[in-house]
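One structure is given below, encoded as structure tokens.
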């Protein structure tokens, strides 16, 4: 029995630097029992040996904390009343002890965000107010932002800010500040994930096989980017009508004299007024000018360009747009800027220029499939004007469908959307009967106009 225990412990926990010969025999036995029970998901049976080794040998092995979380999760899910509260509070203690003994594996931001989520999920049982939950997340944000990465935690952090405003405990500016804080963190995280994901995608494009870990990371990065994107949209929904022009304009008018040289404040004010379409107000122009004067950058040039476009000065605006694009040096930010520029040209009907910038965005961030959908929509919109016959004009829809499908190929979160979009385009293309009548099945049709491509007529 002793030999079996020693071999199991050595195999499971060889990464640690403990000398098992020097460890308490009882702790070794209970750790092994705990491991066996947890492996078979017998968490109730694992509880007793886990508690024994935890109390007697709290520094014995990190498995005490990793497995302890699973045990307590089970206990919380299957208890109620005072017993449930006791398990929740013990979970908090476990996280603190894990942080104390294994700080490199339990970063402060991670521990605080997990405690905050635990409080949020059990708020009624714990009988705690919104401010206590907010404060826990705020500590994570202020003390260890790089490790405050939990998507749910970031969402709750913001929603509790709105709830506290509605309760009269925060001012409206605090809500906007926290919205920006959380959004910026989500963007920073997605930038990190996208850069790592793009390295994997580029390796695939070179025809190199991915290793097991690379495949796992690819799925992980894609899932995180998708989740963060959904949360970013949920923030806007929860913010609701608080961020409308009627609230924004008087607030920024009041604060502008104080912050007219504060680049961060100006950036946030300009961005929010732009996104909420409050750009007709003279204050917006003042804010843009102040932002460009205080901290000229790719960002400020973009906003100046949009002011000029609104004034009908398209050629001057285009000059600033090009300047904005040239000034941006960060690859991820440049890809986002390329999309914004492309969207603006698309809206103006300058499809050729829009496609150029969409393709730039694809080069810079190949894991983002949205540019393919935008290009496809421009192709579809141009179908009626491109072609020397009704058949050839409608053949453009095949071309659009092909482009739409590319979105799902590079971005799994868009697979369903891409498939549905392509199907709708194909429904507008020539039918099998029309292909039979034309007698051109399998032939290649040149797509004219600004598109300049070709498409193969499907075989019958």
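Of note:
- Inside the stretch 188-211, residues that are within 14 Å of the chain's Cα centre (by Cα) and without any contact (Cβ under 8 Å) to a residue 24 or more places away in the chain make up a count of 2.
- Restricting 321, 375 to those that are buried (at least 21 other Cβ atoms within 10 Å of the Cβ) and farther than 21 Å from residue 279 by Cα reduces the list to 375.
- Pick from the stretch 337-352, criterion surrounded by fewer than 19 Cβ atoms within 10 Å (Cβ to Cβ) and within 26 Å of residue 191 (Cβ to Cβ), ranking: farthest from the chain's Cα centre (by Cα): 347
- Filter pass, residue 382 being in a helix (DSSP H, G or I), surrounded by fewer than 22 Cβ atoms within 10 Å (Cβ to Cβ), touching a residue at least 60 places away in the same chain (Cβ under 8 Å) and in contact with a helix residue (DSSP H, G or I) (Cβ under 9 Å, 6 or more places away or on another chain): yes
- Scanning the stretch 232-240 turns up at least one residue that is in a helix (DSSP H, G or I), more than 19 Å from the chain's Cα centre (by Cα) and either crowded, with 16+ Cβ neighbours inside 10 Å or at pLDDT below 95 (or both).
- Residue check for residue 425: within 30 Å of the chain's Cα centre (by Cα), in a helix (DSSP H, G or I) and at pLDDT 95 or above: yes
- Of 49, 58, all but one fail to be farther than 30 Å from residue 130 by Cα and touching a residue at least 40 places away in the same chain (Cβ under 8 Å); the exception is 58.
- Of the residues 284, 252, 274, the single one that is without any contact (Cβ under 8 Å) to a residue 60 or more places away in the chain, part of a helix (DSSP H, G or I), within 30 Å of residue 413 (Cα to Cα) and more than 20 Å from the chain's Cα centre (by Cα) is 274.
- Exclusive hit being modelled with pLDDT of 95 or more and in the same structural domain as residue 262 (by TED's automatic domain parsing), set 308, 287: 287
The values are calculated or read from the model by the stated rules, or taken from the named source; none is laboratory data. Keep in mind it's a predicted model, so treat the numbers as computed, not measured. No Cβ is skipped: glycine too gets one built from the backbone with ideal geometry, and neighbour counts run over all protein chains shown.
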